[in-house]
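K.L.:
One structure follows; several queries about it will come next.
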Amino acid sequence: MERVKCLIIGAGPAGYTAAIYAARAGLKPVMYTGMEPGGQLMITTDVENYPGFPEGIQGPEMMEKFKEQAARFDTDIRYETITKVDFSGEIKKVWSETGHEIHADTVIIATGASAKWLGLESEQRLMNQGVSACAVCDGFFFKGLEVAVVGGGDTAAEEALYLSKICPKVHMLVRRDQMRASKIMQERVKSTENIIIHWNTETEEVLGKDEVEGVRVVNNKTGEKTVLPVKAFFVAIGHKPNTEFLDGALETDSAGYIIVQPGTAKTSVEGVFAGGDVQDKVYRQAVTAAGTGCMAALEAERYLTEKGLA
């Protein structure tokens with residue numbers, strides 16, 4: 001068993017930012033990266049919307065810089081996964097995959113959320129070659145080109161509307177004969193002339209060898225197959241927050257996202273904080289994740305000071 005002042009679970013923009021702030025505050029943070037160090041940016045190529053990189057930067061390179069900065073201030077980075085927690089007492093108990101037990105005065109959870117995929121081989125093969133789960137992140141690269149969005153909820157509607165402003169034609173592929181999106185979002189999509197909704201439509205294959213050259217879809221009512229000449233394929237069927245390991249230790253919403261007090265990173269348990277996509281299902285951007293990671297670290301430091309533990 002080991003005792004630490006600040007334990008950070010997760011190593012994306014939120015986790016690394018929290019580590020930088022916590023380390024500079026003298027909290028000697030210990031970070032457990034989990035299975036995907038760097039988070040979703042590790043499967044992102046060009047990042048052009050993060051301040052400070054006017055020429056853009058590759059996602060993995062950006063995360064390496066985050067890691068180097070956290071390590072520079074002596075963050076103890078461990079490449080293991082946390083599998084179990086017990087937040088019932090003032091001292092937070094956490095166990096790693098190897099069975100190591102950590103007692104922490106504060107815990108920052110920054111495990112992120114994973115995009116849901118259709119499960120197609122072609123979808124995975126063409127990842128970052130025209131296949132993306134974030135139109136706000138990658139849509140700009142396909143400005144002026146014909147694109148497709150798969151999904152029928154609010155996320156898909158938002159992605160389609162965003163793309164409709166920069167692309168001449170947006171194909172929206174909806175599996176059923178109706179959308180799950182809120183009424184106002186449906187109305188906006190339907191009233192946008194360059195968004196074409198394909199009802200009862202499922203994706204059979206994303207076409208292309210080295211980049212997206214089209215998508216073959218099938219109407220699940222008639223069986224009719226069609227090839228759409230798109231240059232990008234955006235999957236917007238939702239995200240899944242990485243909170244299974246908590247096993248009910250914190251209050252979450254119906255989708256599993258950690259609930260924080262408005263305007264803070266405070267969770268339902270005193271001394272436990274959350275930053276990044278694990279508690280944000282609205283913005284889901286690297287810059288907002290970093291911001292909430294900063295908030296979590298500052299609040300952890302304040303908590304420790306108030307308790308006389310800093």
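K.L.:
Among bridges DSSP assigns within the chain, what percent are antiparallel (round to 5)?
P.N.:
Around 45 percent antiparallel, to the nearest 5.
K.L.:
Answer rounded, prolate or oblate for the stretch 1-96, using the Cα gyration tensor with square roots of eigenvalues a ≥ b ≥ c: rounded when a/c is under 1.5, else prolate when a/b is larger than b/c, else oblate.
P.N.:
Note, shape of the stretch 1-96 comes out prolate.
K.L.:
Once a ≥ b ≥ c are taken as the square roots of the eigenvalues of the Cα gyration tensor of the stretch 117-235, is the result rounded (a/c under 1.5), prolate (a/b larger than b/c) or oblate (a/b not larger than b/c)?
P.N.:
Here the stretch 117-235 falls in the oblate category.
K.L.:
Would any residue of the stretch 213-240 have its amide N under 18 Å from a label point 7 Å out along Cα→Cβ of GLU205? List them or say none.
P.N.:
Correct set: 213-220, 223-233.
K.L.:
Arranged from highest to lowest average of other beta-carbon atoms within 10 Å per residue, in what order do the peptides 100-108, 290-298 appear?
P.N.:
With the highest mean Cβ count within 10 Å placed first, the list reads 290-298, 100-108.
K.L.:
In Å and whole numbers, how far do the C-alpha atoms of the stretch 182-306 stretch along each principal axis, longest first?
P.N.:
Projected onto its principal axes, the Cα set of the stretch 182-306 covers 65, 36, 31 Å.
K.L.:
Return the FRET efficiency for the residue pair GLU97, ALA71: r is the Cβ-Cβ distance, R0 is 22 Å, and the value is rounded to the nearest 0.05.
P.N.:
0.55
K.L.:
Sticking with this structure for a sec: In what sequence, highest mean first, do 6-15, 224-233 appear when ranked by Cβ atoms within 10 angstrom?
P.N.:
Going by the mean number of other Cβ atoms within 10 Å, highest first, we get 6-15, 224-233.
K.L.:
Quick one: divide the alpha-carbon radius of gyration of the chain by 2.2 N^0.38 Å and tell me what you get.
P.N.:
Taking N as the residue count of the chain, the ratio is 1.08.
We did not get these values from a lab; they are worked out from the coordinates using the rules stated. As the structure is a computational prediction, the values presented were derived from the model and not from experiment. All Cβ positions, glycine included, derive from the backbone under ideal geometry; neighbour counts span all protein chains shown.
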